[in-house]
C-alpha cells in the first residue's frame, strides 16, 4: 500500500481535516487555501523557504509548493539568524509574515516532482542539508500506516515537537493528512497543555520527544491511546513508568533525517529494554559493529553506513552508542555515551551531556541536570565538591585523566524543539562560541 500526498489532496473520496484553535478545516476548504497560495507564487520560483508556527498553515503552504513542483527548504526554526543563514538557499521566504495575494485562484495543481530540503539536528556538529523526494516520504508514510494504522482508528494527533524536522513533519502533519486523521495545529510545549489536549481530543495520539516524556507527571488524567518518542534515547525508567501508567505505553522510533525511520520498539513491564525491530522494507546488517541499512526511505539500491554501533538481538538489534562519540583523551579512548550513562546511574544526576571542548588541550565538559538529591548535595558541598563526588563515582570505570575538567549544573539542559541537544548550545554553556 502506498499513501500518496497528491491523492489525499486531489482525490474525491479523501476525508481530512486540521483542527485549529478556531475549529476544523475540511478538505474542500483546504484545497481552496492551497489554490490561493499556488496562485500567489511568482512564475520562475523553483526553491522556497517555508516556516510557520502553525501546523495547519504549514500544511497548506507545503502542499501548495510541492504541488507546483518546487523544492521546499525547511529551516530548523524561525530565529532571524537561522533564516539569514539560508538566504542564498531560496528565491522566496514564506514565513508567518508572508500572506497570499487576494483574488480568485485557479484550480489546485499537483506535481510529483516537488522535493524537500531538511536539516539535521546539529547534535553532533553543524546542521547539514538533506534532500528528500516525495517517493521517499510516501514510502515511509506507507510503512507507518502498515505498522500502526489499525491502532489509531478514530484518534486525533497532538504533538510537542516541531513540524520543521523530519519526525514532526511525518508523524504530526503528513501521516495524519494522508490517512485522514485530524491533528492539532498548535505545538504543545508544556505538560499541562498536553494533558489538557489529551482530555479534550480523546482518544488522542501523542507525538513527543524524550525530554517531554521524561519530565511528565504521571498523576494527571490525560492518557494517550498511543504515544511516540523520537529524537534521542528515552530513559528506561521513563519508558517503564509509561508502560505501567498508560495502556499502550510509548513506541520509540529510531532514525535520522538522512535515513528516515529505521526501527521501532515498545517497552513493557515484562520487557524493560526490548530490541529494536526494523521498519517494514528496511534491510539491516552489521559491519564492524556499525549498522548498515537499505530502504526506500533513502536509496533502495545501495547500503547506507550509519555511525551507530549495534549488536544483533534476535530479529532486531541493540544500540551500543555512536562510533563518532568515542574520543581520545590523554591517549586513551573513551566512549562518551558510556560515561553519560555512568553519570546518570548516580543518585545525583537526572540527565548528563558530555561535549569535547575546543582548545590546545583536549578537555571534556559535563553539563548535568540534577535530581533532588543532587540539588541538595550541590547546596551542601558546592559546585567543586559535587564535581569531585561525581569524579570519584566515575573512577570505578574510567581513569582520572579521562574525566571531565569542566562542569555545569542546570535546572534543564538546552534541548531544542525536537528534544535534542545541539552541540552549539552545549558549548555555549562553557562560554565557547562556534559562530
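The values are calculated or read from the model by the stated rules, or taken from the named source; none is laboratory data. Everything quoted here is computed from the prediction, not taken from an experiment. Backbone-built Cβ (ideal geometry, glycine too); neighbour counts: all protein chains shown.
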Next item on the list: Would you check which residues across the stretch 364-405 are out of contact with any helix residue (DSSP H, G or I) (no Cβ under 8 Å at 6 or more places or on another chain), closer than 30 Å to residue 230 by Cα and surrounded by fewer than 16 Cβ atoms within 10 Å (Cβ to Cβ) and list them?
Entry: 372, 373
Check: Within the stretch 344-352, is even one residue touching a residue at least 60 places away in the same chain (Cβ under 8 Å) and over 33 Å from the mean Cα position of the chain (by Cα)?
Finding: no
Checklist line | Filtered residues of the stretch 150-201 (kept if within 17 Å of the chain's Cα centre (by Cα) and either part of a loop (DSSP other than H, G, I, E, B) or free of Cβ contacts under 8 Å to residues at least 12 places away in the same chain (or both)) | finding: 160, 161, 162, 163, 164, 165, 188, 189, 190
Note to self: Just checking, does the stretch 422-430 include any residue being crowded, with 17+ Cβ neighbours inside 10 Å, under 24 Å from residue 321 (Cβ atoms) and without any contact (Cβ under 8 Å) to a residue 60 or more places away in the chain?
What the structure shows: yes
Next item on the list: Go through the stretch 354-363 and give me each residue that's part of a loop (DSSP other than H, G, I, E, B) and either touching a helix residue (DSSP H, G or I) at 6+ places or on another chain (Cβ under 9 Å) or surrounded by fewer than 12 Cβ atoms within 10 Å (Cβ to Cβ) (or both).
Entry: 358, 359, 360, 361
Margin query: Tell me the residue from 240, 212 that is more than 20 Å from residue 414 (Cα to Cα) and at pLDDT below 95, please.
Written below: 240
Checklist line | Filter result (over 17 Å from residue 140 (Cβ atoms) and without any contact (Cβ under 8 Å) to a residue 40 or more places away in the chain) within the stretch 275-300 | finding: 285, 286, 287, 288, 289, 290, 291, 292
Notebook entry, point to check: Which residues, taken from the stretch 320-334, are surrounded by fewer than 18 Cβ atoms within 10 Å (Cβ to Cβ) and touching a strand residue (DSSP E or B) at 6+ places or on another chain (Cβ under 8 Å)?
Noted result: 320, 322, 323, 324, 326, 327, 328, 333
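Could you check the stretch 41-149 for helices (runs of 4 or more DSSP H) lying wholly inside it with 1 or more residues that are within 27 Å of residue 282 (Cβ to Cβ)?
Output list reads 55-67, 134-148.
So that you can scan it fast, the table gives a plain yes or no per residue for (1) touching a helix residue (DSSP H, G or I) at 6+ places or on another chain (Cβ under 6 Å); (2) closer than 21 Å to residue 3 by Cβ:
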{"site": "159", "(1), (2)": "yes, yes"}
{"site": "167", "(1), (2)": "no, yes"}
{"site": "208", "(1), (2)": "no, no"}
{"site": "212", "(1), (2)": "no, no"}
{"site": "215", "(1), (2)": "no, no"}
{"site": "227", "(1), (2)": "no, no"}
{"site": "236", "(1), (2)": "no, no"}
Check: Within the stretch 72-90, can you find the residues that are buried (at least 20 other Cβ atoms within 10 Å of the Cβ) and either under 22 Å from the mean Cα position of the chain (by Cα) or modelled with pLDDT of 95 or more (or both)?
Finding: 72, 73, 74, 75, 76
Check: Residues in the stretch 273-308 that are within 22 Å of residue 130 (Cβ to Cβ) and at pLDDT below 90: how many?
Finding: 1
Notebook entry, point to check: Do we find that residue 56 is surrounded by fewer than 16 Cβ atoms within 10 Å (Cβ to Cβ) and touching a residue at least 12 places away in the same chain (Cβ under 8 Å) in this structure?
Noted result: no
